[in-house]
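Enquirer: Dumping the structure here so I can ask a few things about it.
The values are calculated or read from the model by the stated rules, or taken from the named source; none is laboratory data. Everything quoted here is computed from the prediction, not taken from an experiment. Here the Cβ positions follow ideal geometry from the backbone for every residue, glycine too, while neighbour counts run over all protein chains shown.
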Amino acid sequence: MVPLVYHVSRFVDFGQDAYTVGTAGLMISLPALLAALFAPLAVLASGGINRRTILCFLIILLIMANIASATATSMNWLLAVRVIVGFCMGGIWAIAGGLAGRLVSPGSVGLATSIIFGGVAAASVFGVPLGAFIGDAFGWRAAFLAMAILAVLVLILLIKSLPSLPVNNSVTIGQFAEVLANRKVLVGLLVTFFLVAGHFMAYTYVRPLLQTVSKFDNSGISPLLFAYGLAGIAGNFLAGSAATKQLRWTLVFIAIGITAAVLLFSPLGGSITGGSLITLLWGVAYGGVSVSLMTWMMIAASKSIEVATSLYIAIFNIGIASGSFLGSQVVDKYGLLTNTTLAGVVAILALAVLIFSNIKADPAH
């Protein structure tokens, strides 16, 4: 969803007055906020429509949105297109996340869902380095075109490999109310919000952070962000394995890792070595967020997975939007290091919820 996150950390040049780093952050917060709105609405509105049809339609719309982004001539145009992106991603995440139970045997649902959201984790951690590499080599418009091409490939794979997915029973508002009354679900949603908001509050501006604090030049940042991506993939698989045995403690260590990474940037990130080590720790910790939290939600609401998925996606994207927006305000007014410190405070709230809620999630089977 955010292949051009790294461009938020630069002035966007449309041949007119430059926009501040914080203003450019709207490219992240706007589609994320709309995705949060559309995720539960997509589940409700889709009714009895074949899920394969819905997914293909949303992918086609996403292709068009990325092409429109690549041809944008103003920030207003670009932000308007990001509204469409938010609509697409909210629907895709919510519907795809609940499909595992229909594609595999009951005994493999947990693993299949972990793989689906492992893909989300992989996209999250590789979006920045991939955008950075393409943007540095060919320009920011090329990164949007690359996303359009990737979306075309995804559409082809869906058409060729995804079976028809008719729906017998539509989701109701009553099911949402029932799931929201579940205390385990509420704890999972709170942890999701604080972890994601804290992460994006700081990571949206990782490029200027590495440039100004750790003294990286442009040529050194892209390789580090690719290494961050690899660390994130490793973190995803490590967390996925650990979550099946000790889910609560897995999330505790993830929260500690993210909190430590953002808080350590101020005292220890003032060199290339220090900035590199902190960034890699950050990647490992954040890489495990999606799979671990979705596992929590599956266990907490095992009879309403599609509803739980849509709520999780909604809060996840509210976390992205809130973190990006708050970060933009702090960076513009108080600077990068103040922002990382406050991001650490937000992330540590997730740790507090896990510790003081006294709720234990059983391993997924």
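Enquirer: Within the bounds of the range 353-365, is there any residue that is in a helix (DSSP H, G or I) and within 16 Å of Ala243 (Cβ to Cβ)?
Expert: yes
Enquirer: Continuing with the same structure: List pairs: first in the range 143-160 and farther than 17 Å from Ile67 by Cβ, second of a type outside the set (A, V, I, L, M), Cβ under 6 Å, 6+ apart or cross-chain?
Expert: Pairs found: Leu158/Cys56.
Enquirer: Looking at Tyr228, is it farther than 26 Å from Leu354 by Cβ, of a type in the set (Phe, Trp, Tyr), touching a residue at least 60 places away in the same chain (Cβ under 8 Å) and touching a Gly at 6+ places or on another chain (Cβ under 7 Å)?
Expert: In short, no.
Enquirer: In addition: Can you say whether Ala42 is surrounded by 20 or more Cβ atoms within 10 Å (Cβ to Cβ), of a type in the set (Gly, Ala, Ser), at pLDDT 65 or above and assigned to a helix (DSSP H, G or I), as far as the supplied structure shows?
Expert: Yes: the conditions hold for Ala42.
Enquirer: In addition: Consider Gly139 carefully, then state whether it is modelled with pLDDT under 85 and on the phi > 0 side of the Ramachandran plot.
Expert: Answer is yes for this residue.
Enquirer: Scan the range 327-365 for residues that are within 18 Å of the chain's Cα centre (by Cα) and either surrounded by fewer than 21 Cβ atoms within 10 Å (Cβ to Cβ) or of a type in the set (S, T, N, Q) (or both) and jot them down.
Expert: Ser328, the sole residue that qualifies.
Enquirer: Could we say that Ser222 is within 19 Å of the chain's Cα centre (by Cα), surrounded by fewer than 24 Cβ atoms within 10 Å (Cβ to Cβ) and either of a type in the set (Ser, Thr, Tyr) or not in a helix (DSSP H, G or I) (or both) here?
Expert: When the stated conditions are applied, Ser222 does not pass them.
Enquirer: Can you tell me which of Ala234, Ala255, Ala261 is within 19 Å of the chain's Cα centre (by Cα) and free of Cβ contacts under 8 Å to residues at least 40 places away in the same chain?
Expert: Residue meeting the stated conditions: Ala261.
Enquirer: From the list Gly344, Gly275, Gly269, Gly335, which one is over 26 Å from Gly97 (Cα atoms) and either modelled with pLDDT under 85 or of a type in the set (Phe, Trp, Tyr) (or both)?
Expert: The conditions single out Gly269.
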